[in-house]
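Notes for the one structure printed next.
The values are calculated or read from the model by the stated rules, or taken from the named source; none is laboratory data. These figures come from a predicted structure and were not determined experimentally. So basically every Cβ, Gly included, is an ideal-geometry build from the backbone, and we count neighbours across all protein chains shown.
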Amino acid sequence: MLVMAHTALAVCLKGHPSVEKEFHKSWAVVVATVVEQHEVPEKPPKHLDGGTAYQLDVNQIYRGKVPQFFEVLSENNSGRFPMTVGAPYLLFVHRDSGAFEVSNCGNSGPLSKTNETREKLKSLAAKTDHTSAHTTRSHPGP
């Protein structure tokens with residue numbers, strides 16, 4: 001599965017959504033660790049700016065049904081969402097025109113900087129009737 005990370009570092013045209021709003025609009029909300037990365041070339045006919053693809057290992061699911069491993073593409077434009085191999089992230093994954101995106105204007109970020117957001121997610125996941133909400137997966141680390 002290829003997930004597109006589309007972010008805007010300079011301008012967030014729609015502002016910054018609340019955790020609750022982004023949770024309900026997200027296809028999935030997960031904690032995942034970056035296990036590898038590779039460069040993706042530019043593809044002009046498909047309007048892909050090139051970038052970095054990150055292979056993610058899902059550790060926890062707050063919303064949605066996602067595979068254990070999937071890829072996030074961070075394009076080389078003002079919307080990049082750079083990540084570090086070996087680091088865990090809280091990701092609000094959105095679907096737009098068939099692609100999956102992670103917005104830098106939202107509540108996604110390095111796990112170490114999302115304690116308050118994760119506390120809110122526990123409450124939201126408990127109130128939501130999603131079969132995979134707040135699932136923790138146990139598996140060996142990278």
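Specify the residue that is surrounded by the fewest Cβ atoms within 10 Å (Cβ to Cβ); the eligible residues are those in region 1-41 that are at pLDDT below 75 and not in a loop (DSSP other than H, G, I, E, B). Before you say what the answer is, go through the steps one by one.
The initial filter retains those residues of region 1-41 that are at pLDDT below 75, namely 1-11.
Cutting the leftovers down to not in a loop (DSSP other than H, G, I, E, B) gives us 2-5.
On the way: Leu2: 11, Val3: 25, Met4: 24, Ala5: 28.
Ranking the candidates gives Leu2 first.
Starting from residues that are of a type in the set (Gly, Ala, Ser) and free of Cβ contacts under 8 Å to residues at least 40 places away in the same chain, keep the ones in region 42-75 and report whichever is surrounded by the most Cβ atoms within 10 Å (Cβ to Cβ).
Taking region 42-75 as the starting set, the residues that turn out to be of a type in the set (Gly, Ala, Ser) are 50-51, 53, 64, 74.
Now narrow it down to the ones that are free of Cβ contacts under 8 Å to residues at least 40 places away in the same chain: 50-51.
Working: Gly50: 14, Gly51: 22.
Ranking the candidates gives Gly51 first.
Which of the strands (runs of 3 or more DSSP E) found entirely inside region 42-102 contain at least 2 residues meeting this: within 20 Å of Cys12 (Cα to Cα), at pLDDT 80 or above and touching a strand residue (DSSP E or B) at 6+ places or on another chain (Cβ under 6 Å)? Quick ask: steps written out before the conclusion?
Working: elements: 51-63, 69-75, 88-96, 99-102.
Correct list: 88-96.
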